[in-house]
Amino acid sequence: MLHTPGHAPGAICLYAPALGTVFTGDTLFQGGPGATGRSFSSLPAIIRSIRTELLSLPLETVVHTGHGGSTTIGAEAPHLQEWIERGY
């Protein structure tokens, strides 16, 4: 279990190393960060969570998102770098 605040203060992602899979819910979507449009959400916090918790996983880790298609950490890393360069 990875604590990944941003979508919500207590948000988590479930990592199954034996399966090479992480379930990210609303923390990470295909193409960038997950949902942060709520009053309790924080874009800087979700970017920090993705950078510290998810980008440290092996690049081939399959990401099952809460909405949309699956992806991999390696495929998402460049998208997240764009957000980080924006200052988040």
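Every number here is computed from the coordinates shown, using simple stated rules; none is lab data. It should be emphasised that the depicted structure is a prediction, and the values quoted were computed from it without experimental measurement. Cβ coordinates were reconstructed from backbone atoms using ideal geometry, including for glycine residues, and neighbour counts include every protein chain displayed.
Quick look at the numbers
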quantity: Tilt relative to the chain, helix 73-85 - C-alpha long axis, 0 to 90 degrees, to 10; calculated: 20
quantity: Dipole magnitude (debye, nearest 20) for the range 2-85, charges at Cβ of Lys, Arg, Asp, Glu; calculated: 200
quantity: Distance between the range 65-86 and the range 47-61 - C-alpha centres, whole angstrom; calculated: 9
quantity: Trypsin sites (Lys or Arg not before Pro) restricted to DSSP loop in the range 1-87 with at most 14 other C-beta within 10 Å; calculated: 38, 86
quantity: Sorted by Cβ neighbour density within 10 Å, fewest at the top, the residues 79, 3; calculated: 3, 79
quantity: Counting DSSP beta bridges with both ends in the chain, the antiparallel % (nearest 5); calculated: 70
quantity: Neighbour-count order for 49, 41, fewest beta carbons within 10 angstrom listed first; calculated: 41, 49
quantity: GluC sites (Glu not before Pro) restricted to DSSP loop in the chain with at most 11 other C-beta within 10 Å; calculated: 60
quantity: Filtered chymotrypsin sites (Phe, Trp or Tyr not before Pro), the range 1-46: DSSP coil and at most 14 other beta carbons within 10 Å; calculated: 40
quantity: Per-residue HN-Hα couplings for the range 5-12 [Karplus 6.51, -1.76, 1.60; θ = phi - 60°; Hz; x = Gly/Pro]; calculated: x, x, 5, 8, x, x, 4, 9
